[in-house]
Amino acid sequence: MGKLRAQNQVLKKGVVDEQANSAALKEQLKMKDQSLRKLQQEMDSLTFRNLQLAKRVELLQDELALSEPRGKKNKKSGESSSQLSQEQKSVFDEDLQKKIEENERLHIQFFEADEQHKHVEAELRSRLATLEMEAAQHQAVVDGLTRKYMETIEKLQNDKAKLEVKSQTLEKEAKECRLRTEECQLQLKNLHEDLSSRLEESLSIISEKVPFNDTKYSQYNALNVPVHNRRHQLKMRDIAGQALAFVQDLVKGLLNFHTYTEQRIQIFPVDSAIDTISPLNQKFSQYLHENASYVRPLEEGMLHLFESITEDTVTVLETTVKLKTFSEHLTSYICFLRKILPYQLKSLEEECEASLCTSALRARNLELSQDMKKMTAVFEKLQTYIGLLALPSTEPDGLLRTNYSSVLTNVGAALHGFHDVMKDISKHYSQKATIEHELPTATQKLITTNDCILSSVVALTNGAGKIASFFSNNVDYFIASLSYGPKTASGFISPLSAECMLQYKKKAAAYMKALRKPLLESVPYEEALANRRVLLSSTESREGLAQQVQQSLEKISKLEQEKEHWMLEAQLAKIKLEKENQRTADKLKSTSSGQAVGVAQEGATVVTAAGQEDASAKAVPVPVHSTSLIGILTRTSDSEAPDVESREDLIRNHYMARIVELTSQLQLADSKSVHFYAECRALSKRLALAEKSKEALAEEMKVASQNNSRLQDELTTTKRSYEDQLSMMSDHLCSMNETLSKQREEIDTLKMSSKGNSKKNKSR
C-alpha cells in the first residue's frame, strides 16, 4: 500500500507537470496562430496591392501602346506631349521600382515566415512525438497500476474471505473455550469446596487429636521417622558392597607389599642367611612383620560398615556409626606408616651407600624415598577427610551440613592423588628392579622378590585407580543423598536423635506388621464406577434430598403416632373382647349343652378376629351390635351368625386389601412427586444457568457483530478509497487524452493552414 501511494503521488506530479507543459504549448500555439494570422493578413493585403499594381501597369502599357502611333504622326505637335509623357513615365518607373522593391521585401518576409513556420512545425512534431511517447509510458504505468490495484483488491477480497472464515473458526473456538472455562470454573469451585472442607476437617482433627506440633522445633522434628526409600537403601548397599570389594583388593595389595618388602630387607643388600643384617633393617623388618595387625582391621571396619547398611535402616552420615570405626582403623594404619617411614628411608640410604650401588640405582632410590613420603602424606590427607565424615555420627557440631559436599570432593581428590603416587612408585620400582637385575650379585631370590613387590605395587595401582574412579562416579549421588532425612528440619540434630529415630522406625515397622490383616470383601471396581456414574448423573441436589429426608421423617412420625393410636385401639378392643367373652361364658353356663358347644365355637371365631378390632358377642339370640371398620352390623339370630361373620370377613378383607393398595399407590405417588420436584428444581437451576450463559453469549454475539460491522466498514472504506483513487486516475488520464487530442487537432489545423499558405505562395 505504501508503494502504491508513493507511485500515485509520483503520477500525480507527472500529470500536473504535463498539464503545465500542455498549457504552455497552448499559449505558444496561440501566439503562433496570431503571428500566422498577421502574416496571412499582410499576404492578403500584399496580393491585393500587387493585383492593383498589375492592373495599373497593364493600363499604363495599353496607354503607352496607344500613344506610340500617335506620336509618329504628329511628332511636331507631340513634342510637348512627349515631354509630359516622359515625366509621367519617369514617375511610373519610380513608382514601379518602389513596388518591385516592396514586393521583393514581402517575398523575403514570406520566405522567412515560411521557414520559421516549417521550423516551428518540426519542433511541434518532435514535441508531439515526445508527448505521445510520454503519454504511452504514462498509460503503461497507469495500466500497471490499475492491474496492481485490481490484484490488491482481489487479494484483499480473498483476505477478507479468509478473515471471515478465520473469524468464524475463532468464534467457534471462543465458544468452546468459554464452555471449557465454565467447566473449569465449576471444577475449580468444586475442588475449592472439597479442599476447604478437607482443610477444615484436617484442622479440626489436628486441633482435637494432635497434642503438639512436632515440626516446630528441630529437636522434636529430628525424631520423626522419614519416608522409607527402599531404592535409596538398595543403592547405598550396592555402593557399600563395591567399596568393600575395592578395599579388600587394596588390603590384599598392602599386605603383599609390606610382606615382600620385609623379605627383600632380609635378602638385599645383605643376605641374612649368609651374614647378619644391620640393626636398622632388623628393626624395620620387625615393624613390617606387624603389618597384618594394622591392615586387616581396614577390611573388618569396611565389612562392619557394609553390614550396618540394610534395607530397613536410614543411611545418612548421622546414622553411619560404623564409619567412625573404619576411620579409627585407618588412623592406626597411618600411625604404622609414620612409624616405618624413617626406617624405610634409612634402609634406602643404606642401599645407596653400598659398594655395588650405581648412580642410576641411587637416583631411583631417592625417587622411591620421595614417593614413600608422598604416599604417607596422601594417606594422612585421606584419613583427615574420612574422620571429618565420621564426625556427624559422633559429634553433631564437628562438621556442618554445608561442608559435606566439599569434604566429599576432597576425598575424591585424595583418592586420585593416591592413584598418582602409586603409579609413580610402580614406575620407579620397575626401573629400580631392572637395574638391580643387571647387577652381578643379583640372586634369583632377589629377582623373585622384586617381581613379587612389583606385582603387589601394580595391584595397588590398579586398586587405587578403580576406587578413585568409583568414588568420582558416585560423588554426585553421595552429595544428593545427604538431604535424605527429615524434610522440614535441617537434618538429624545429634547421633542420639538419629538412634532414637531408628528405634522408632523399628517400632513403626513392627506396629505396621501387627496391623496387617486380610482385607474384607469390598465392592468390585467396575460396580463402584457404575455406582459413581449413577450418583454423578443423578439430578437431585443436596437440598432436595434434605427435603425428602425431612418429609420422610415427618411421615415416619405420623405413622408412629397412628401406630400408637391403633395399638391403644387394639388394647381397648382386646379388653372389650375379654369382657364380652366373660359375659358370653356366664350366659352359656345356663344354656343347654348343644347351645354351649355352639357358643364355644362362636367364642373361638371371635378370638381369631380380635386383631381386626371386632368386639361383638356372636352367640346371643338377643340382637347384638358390632362396631368395626365397615360400619355397624346387627345380628338377630344364631342361624344368621355364620353368614354375617363370613360376609363381614369378606368385606373387611376387601377393604383391607384396598387400603393396602391405596397406601402403596399413595407412597408411590409421594415418591414420584418428590422425584419430580427434585427434577424440577434441578431443571430450574439448569434453566437459570442456561439463561445466564445465554445472556453472556448474547453479549459476546453483540461484541462479535460490532467487530464484524467495524471490519466491514473498514473494508468498505478501503475499497471506496481505492475506487476513488482509481476514478481520479482515470479522470486524469481522460483529461490528458483530451488535451493530447486537442493538441493533435490544433497541430492538424496548423498543418492544413501551412499547406494552404504554401500552395498560395506557390501559385503566386
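Mind checking the per residue accessible area of the range 230-482 for me, 1.4 Å probe, whole number of Å²? Walk me through the numbers before you get to the answer.
Values: 11670 Å² over 253 residues.
Using a 1.4 Å probe on heavy atoms only, each residue of the range 230-482 averages 46 Å².
Determine ³J(HN,Hα), in whole Hz, for all residues of the range 203-208 in sequence, where each value follows from phi through the Karplus function 6.51 cos²θ - 1.76 cosθ + 1.60 and θ = phi - 60°; x replaces Gly and Pro.
Calculated HN-Hα couplings, in order: 5, 5, 5, 5, 5, 8 Hz.
Could you tell me which residue out of 244, 480, 425 lies farthest along the dipole of the range 230-482 toward its positive end? Charges go on the beta carbon: Lys and Arg +1, Asp and Glu -1, centred on the Cα centre.
480
Hey, if you drop one equal point scatterer on each alpha-carbon of the range 230-482 and run the Debye formula without solvent, what base-10 log of I(q)/I(0) do you get at q = 0.14, 0.15 Å⁻¹?
Computed log10 I(q)/I(0) values: -0.92, -1.02.
Return the aspartates and glutamates within reach of residue 558: Cα separation strictly under 17 angstrom, same-chain partners fewer than 8 residues apart disregarded; answer none if there are no such residues.
569, 670
Using a probe of 1.4 angstrom, how much of the accessible area of the range 320-456 is carbon and sulfur, in percent? Can you show the working numbers first?
Working: 3560 of 6290 Å².
The computed percentage sits at 56.
Pop out the ³J(HN,Hα) list for the range 281-295 in order, Karplus 6.51 cos²θ - 1.76 cosθ + 1.60 with θ = phi - 60°, rounded to Hz; leave Gly and Pro as x.
Running phi through 6.51 cos²θ - 1.76 cosθ + 1.60 with θ = phi - 60° gives 5, 4, 5, 4, 5, 5, 5, 5, 5, 8, 5, 5, 5, 9, 8 Hz.
Looking at this model, which pairs from 373/445; 12/162; 563/587; 189/692; 160/694; 427/466 are more than 25 angstrom apart at the alpha-carbon? Show your work: numbers first, answer last.
Working: 373/445 28 Å; 12/162 34 Å; 563/587 35 Å; 189/692 17 Å; 160/694 29 Å; 427/466 18 Å.
Violating the 25 Å limit, Cα to Cα: 373/445; 12/162; 563/587; 160/694.
State, in angstrom, two size descriptors of the range 300-445 derived from its alpha carbons: Rg to one decimal place and Dmax to the nearest whole number.
20.4, 65
The values are calculated or read from the model by the stated rules, or taken from the named source; none is laboratory data. What you see is a predicted model, and the numbers here were worked out from it, not measured in a lab. FYI the Cβ positions are ideal-geometry reconstructions off the backbone, even for glycines, and counts take in every protein chain you see. Ligands, DNA and RNA are excluded from the accessible area calculation, which covers all protein heavy atoms including side chains. Shrake-Rupley method; radii C 1.70, N 1.55, O 1.52, S 1.80 Å.
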